[in-house]
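K.L.:
Okay, handing you the structure first.
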Amino acid sequence: MTKITGHRGARNLWPENSMTGFRNVLDLGVDAIEFDVHLTDTGELVVIHDATLDRTTDKTGPVRSLTPEMRGETLLDGSDDTVPTLADVLAVLATSEGKQLHVEIKSDEAKQPYPGIAEKVVAEIEQFGLADRCHLTSFDLSVLDECQRIAPHIARLVSVNTEWADKEGGLERFLEKVDGLADIVAIHHELMDAEWALITGKLPLENLCVWTLNDEALIRRWLDRGIGHLTSDSPDLALDLRRETQFQSEPA
């Protein structure tokens with residue numbers, strides 16, 4: 001059965017990467033929750049997607065410049081929520097039984113990995129006793145190499161689209177490089193569709209994740225293909241379609 005992941009909490013339902021979203025997404029019945037982590041210059045791990053505040057908050061500038069005081073005054077668009085810390089998010093998600101957490105380690109506004117971020121993220125995960133429920137995720141293979149080095153016991157997920165595959169010499173070469181590095185390979189749906197034969201010739205369906213699907217027809221298509229994992233901004237729709245697909249497949 002395809003596992004459904006709520007992307008940035010469930011950003012078509014609630015403000016992305018918000019505490020409101022993380023509290024509510026647990027009630028949907030998703031299999032996993034995905035969110036993004038940056039490191040500020042004061043050493044805080046904060047949960048926000050972009051390396052700048054401009055798109056998703058009422059402030060501007062690089063995320064790394066946030067102080068704890070500034071963070072408490074920075075509101076997410078369309079919400080009274082402030083930018084949460086990783087500890088805030090883990091405290092809420094730790095209460096759920098069996099939900100997997102996809103913790104994406106982001107890069108700074110210059111597209112460079114934050115020095116020491118992987119170690120800090122792992123320490124926070126360990127503090128909450130969540131190592132067995134987490135995947136450390138990144139597009140950047142150097143970040144996942146570091147995760148493997150410092151926390152080989154925590155599962156890893158690598159994301160890729162055409163741009164990132166090209167940086168590694170094409171998709172086939174990319175898949176060779178991540179063999180043994182990642183437990184799940186998350187591939188943008190357009191690239192997955194274009195290279196389906198190549199991908200499925202190298203990886204079993206249960207090790208594949210398709211992202212980010214919000215259209216009913218696309219979600220149905222990938223559910224019918226039996227993909228292992230499906231990431232959506234509208235996990236409520238994906239879950240409804242999965243239930244429908246399962247019902248239709250049951251013998252009369």
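The values are calculated or read from the model by the stated rules, or taken from the named source; none is laboratory data. None of the values given here were measured: they were computed from a predicted structure. Here Cβ is always computed from backbone atoms with ideal geometry, including for glycine, and neighbour counts include all displayed protein chains. Quick note on the areas: whole protein, heavy atoms, side chains included, nothing else; ligands and nucleic acids left out. Shrake-Rupley method; radii C 1.70, N 1.55, O 1.52, S 1.80 Å.
K.L.:
Among the lysines, which have Cα under 18 Å from the Cα of Lys120 when same-chain residues fewer than 8 positions away are ignored?
P.N.:
Excluding near neighbours in sequence, the set is Lys106.
K.L.:
For a Förster distance of 35 Å, can you work out the FRET efficiency between the beta-carbons of Glu97 and Thr67, rounded to the nearest 0.05? Don't skip to the end; give the middle numbers.
P.N.:
Details: r = 36 Å, r/R0 = 1.02.
Efficiency at R0 = 35 Å is approximately 0.50.
K.L.:
Further question on the same structure: Rounded to the nearest 5, what % of DSSP beta bridges with both residues in the chain are antiparallel?
P.N.:
Working: 8 of 38 bridges.
In the chain, approximately 20 percent of DSSP beta bridges are antiparallel ones.
K.L.:
Which one of Ile227, Pro84, Tyr114 is farthest out on the positive end of the charge dipole of the chain, using unit charges on Cβ (Lys, Arg +1; Asp, Glu -1) and the Cα centre as origin?
P.N.:
Ile227
K.L.:
What does the charge count around Arg55 come to, taking other residues whose C-beta lies under 10 Å from its C-beta (Lys +1, Arg +1, Asp -1, Glu -1)? If you can, show how the numbers build up before the last one.
P.N.:
Numbers: positive: none; negative: Glu16, Asp50, Asp54, Asp77.
That sum, taken over residues with Cβ under 10 Å, equals -4.
K.L.:
So which lysines can Lys202 reach, going by Cα to Cα under 17 Å and dropping same-chain residues fewer than 8 places off?
P.N.:
Cα-Cα hits under 17 Å: Lys177.
K.L.:
On to the next question. Counting Lys and Arg as +1 and Asp and Glu as -1, what is the net charge of the other residues whose Cβ lies under 11 Å from the Cβ of Ala165? Before the final figure, lay out the partial values.
P.N.:
Details: positive: Lys167, Arg173, Lys177; negative: Glu163, Asp166, Glu168, Glu172, Glu195.
Within the 11 Å Cβ shell, the charges total -2.
K.L.:
Sort out for me the Cα centre separation of the range 1-39 from the range 59-129, rounded to whole Å.
P.N.:
The distance from the Cα centre of the range 1-39 to that of the range 59-129 comes to 14 Å.
K.L.:
Separate question: Tally Lys and Arg at +1 and Asp and Glu at -1 over the other residues with C-beta under 15 Å from the C-beta of Gly43: what net charge comes out? Before the final figure, lay out the partial values.
P.N.:
Details: positive: Arg64, Arg71, Lys120; negative: Asp41, Glu44, Glu69, Asp108, Glu119, Glu124.
After counting each charged neighbour, the total is -3.
K.L.:
Leaving out ligands and nucleic acids, note down the accessible area per residue over the range 28-135 with a 1.4 angstrom probe, in whole Å². Let's see the in-between values first.
P.N.:
Details: 4480 Å² over 108 residues.
For the range 28-135, the per-residue accessible area is 41 Å².
K.L.:
Relative contact order of the chain: what whole-number percent is it, with Cα pairs under 8 angstrom and at least 6 residues apart?
P.N.:
This gives 20 percent for the chain.
K.L.:
Take the alpha carbon gyration tensor of the range 1-147, find the square roots of its eigenvalues, order them as a ≥ b ≥ c, and report rounded if a/c is under 1.5; if not, report prolate when a/b exceeds b/c, else oblate. Please list the in-between numbers first.
P.N.:
Working: a/c = 1.62, a/b = 1.14, b/c = 1.42.
Cα axes put the range 1-147 in the oblate bin.
K.L.:
Per DSSP H run of n ≥ 4, the term is -39500 (n - 2.57); total these for the chain, divide by its residue number, and report the mean residue ellipticity at 222 nm rounded to 500 deg cm²/dmol. If you can, show how the numbers build up before the last one.
P.N.:
Details: 11 runs with 92 residues, N = 252.
When only DSSP H runs of four or more count, the value is -10000 deg cm²/dmol.
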